[in-house]
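Since every read-out is calculated from the coordinates, none of them should be taken as a lab result. Since this is a predicted model, take the numbers as computed values, not measurements. Using ideal geometry, Cβ is built from the backbone for each residue, glycine included, and neighbour counts are taken over all protein chains shown.
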Amino acid sequence: MKVIGACLLVLSSAAFAQTPPPGPPATHDPQGVRISEDMRLPTMVSSPPAKRAAEPTPLPTPRGIGGVRPDASSVDAIVAAMYQCVSHGPEEEPNWQRMSDIFMRTGVLIPPKRPDMEEHSVLDVDAFRDRVRKGMAAAKERGDSTAFFESEVARRMDCFGNVCQVFSTYEGRHAPGDEKPFVRGINSIQLVKDGKRWWISSVAWDTEKPDQPIPKEYEKK
């Protein structure tokens, strides 16, 4: 009888241990851990991520025959591109990327020597960009127009093989329709051809002054 009573006591204790305590029903997480409803944390409901607007696909740069860009296909084309990329409206800047595409990596621009300087400035495209931006900022502070439209009005050219020298007379206006230019001068442009395309290796220029008029042979005809 003592053995039977002991067995009944063990069985009743096991049954009691398996009986869940009063309260909300319990569940199990994926790892088998027993979790009651009052132990659950509120579930964070997140909105689906907003779809990112598709970025416009950049248009391919036009290329000519044999993969050569039209700007570099001839002397006429590259000189025209030079004038177009430096021209810009009042709230714009020159087209620096286009300028980089027509100048050699070691190409330089040599502006007229400033009176307060002992030597000429020799600038690559990046340094020329910084100089132009500084000048535009100063013009804005003075209330002057920053627009600049430069055009070729006459040209003298000498070429041999893969080298070419262009004396290009230019006029600068604040708007294309201005009757008179506010500046005139001559660009001395040196060009080289690598067998496939033309490059500008350097541009040096000077401006017209009362005591330094443009010679008649370089005037437009």
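Summary of computed values
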{"item": "Dipole moment magnitude, nearest 20 debye, the range 66-210 about Cα centre, only Lys, Arg, Asp, Glu C-beta charged", "result": "240"}
{"item": "Rounded Å value of the spacing that divides the Cα centres of the range 149-220 and the range 68-85", "result": "14"}
{"item": "Ranked packing of 77-86, 181-190, 130-139, most packed first, by mean Cβ within 10 Å", "result": "77-86, 181-190, 130-139"}
{"item": "Segment residue 105-residue 194, length gained on full extension (0.36 nm per residue, minus Cα span)", "result": "30.7 nm"}
{"item": "FRET efficiency for residue 96 and residue 76, using Cβ-Cβ distance with R0 set to 30 Å, rounded to 0.05", "result": "0.85"}
{"item": "Rough spin-label spacing in nm, given labels placed 7 Å along Cα→Cβ, for residue 113 and residue 156", "result": "2.2"}
{"item": "Three semi-axes of the equivalent ellipsoid, the range 66-210, Cα gyration tensor, whole Å, largest first", "result": "25, 17, 16"}
{"item": "Virtual spin-label span in nm between residue 220 and residue 138, 7 Å along Cα→Cβ", "result": "2.9"}
